[in-house]
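**Q** Can you keep this structure in mind? I'll have questions shortly.
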Amino acid sequence: MNRKLTNSIRFVMDELLPPRIRDSRWFMYPFFHIWFKGKNVDTYMDFKDIAYTLSEEEFNGIYRNLNCRASDRPTDLNEESIRYMIAHLDPHARNLLDVGCGRGHWLNLVAEQTDLELTGCDVKTLPAPGRIKNVNGSIGALPFADNAFDIVTCHHTIEHLRDLPAAIKELKRVARRQVIIATPCQRCYFYTLDLHLQFFPIASTLHQHIGMKKHTCKWIHGDWVYIGDAMAEMDNESEPSPNPATAQVSIS
């Protein structure tokens, strides 16, 4: 299933079903069984209960060994979001880091359309195809120097994190010009097929967590695409954070 289709299914389930039915174990069990191909269903259903009791290695191990319907598609990004982000890459950038790069679909597309130096970072050990360099590492402690990359992207990753503030701090730390984050616009339910721990049903929630002074946030077919100006952060480090109510938001 591509991302656009799964976002449409999620909209029906999350927005149109009564919450008492939508978030009941008996109702969601068949969906979990199908989505996770009948394997470790109880573990995934109880994920939000156990996630914060796991060691870092145990937590990352769940994702390393994950095999679900989403694993059968090349990316969690929808095509409209991909086109929008590529169109808004800083034209003066020389290099780009993708954090939580997965199998590298986004980086491969950027490689086809730009001359940027490309690096991927993920908890999984991945091959490095062509001119893309892959590095094993965690978003909570990125193995890179301050301001090492002109552009830092992070797609469908922050919603899975236990320590969101630490991760956001790291993304901003290693960025020199742009931080680009894509994440679902999603209501909070206990039983979600995606193992999410963080939820951003409205734009102001995302603004508050990321806290960049100059940014845009666009809703694109069920996902938020947030583009923050890292140079403005360096120029105005002593200024207060913006009021989320004044942030620039658009819907498409």
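The numbers here are math on the coordinates, done by the rules we state, and not lab data. Because the structure is a prediction, the values reported are computed rather than measured. Because the Cβ atoms are built from the backbone with ideal geometry, glycine has one as well, and the counts that use them run over all protein chains shown.
**Q** In whole Hz and in residue order, list the ³J(HN,Hα) couplings for the stretch 192-200 that follow from phi through the Karplus curve 6.51 cos²θ - 1.76 cosθ + 1.60, θ = phi - 60°; x for Gly and Pro.
**A** 10, 5, 9, 6, 7, 10, 10, 9, 10
**Q** Can you compute the helix-only [θ] at 222 nm over the chain? Use -39500 (n - 2.57) per DSSP H run of at least 4 residues, normalise by all residues, nearest 500 deg cm²/dmol. Mind dumping the intermediate values first?
**A** Numbers: 11 runs with 84 residues, N = 252.
The per-residue figure over the chain is -8500 deg cm²/dmol.
**Q** Could you give the distance between the Cα centres of the stretch 170-196 and the stretch 1-45, to the whole Å?
**A** Result: 20 Å between the Cα centres.
**Q** Please give, to one decimal in nm, the separation of the simple spin-label points placed at Ser24 and Ala93, each 7 Å out from Cα toward the Cβ.
**A** Those two pseudo-labels are separated by 4.6 nm.
**Q** Expressed as a rounded percentage, what relative contact order does the stretch 121-197 have, with Cα pairs under 8 Å and six or more residues apart?
**A** 30
**Q** Which one of Gly211, Tyr44, Ile151 is farthest out on the positive end of the charge dipole of the chain, using unit charges on Cβ (Lys, Arg +1; Asp, Glu -1) and the Cα centre as origin?
**A** After comparing all options, I get Tyr44.
**Q** Please list, in order along the stretch 172-181, the HN-Hα scalar couplings obtained from phi with the Karplus expression 6.51 cos²θ - 1.76 cosθ + 1.60 (θ = phi - 60°), rounded to whole Hz, x for Gly and Pro.
**A** Computed from phi, the couplings for the stretch 172-181 are 6, 4, 8, 8, 9, 10, 9, 10, 10, 10 Hz.
**Q** Could you go through the stretch 213-227 in sequence order and give the Karplus-derived ³J(HN,Hα) for each residue, using 6.51 cos²θ - 1.76 cosθ + 1.60 with θ = phi - 60°, rounded to whole Hz, and x for Gly and Pro?
**A** Coupling constants for the stretch 213-227: 5, 10, 6, 10, 9, 10, 8, 10, 6, x, 10, 8, 10, 9, 10 Hz.
**Q** Give me the one-decimal nm value for the distance between modelled label points at Lys48 and Trp219, 7 Å along each residue's Cα-to-Cβ direction.
**A** 2.1
**Q** Right, next: Over the chain, what is the relative contact order in percent, taking alpha-carbon pairs closer than 8 angstrom and at least six residues apart?
**A** 17
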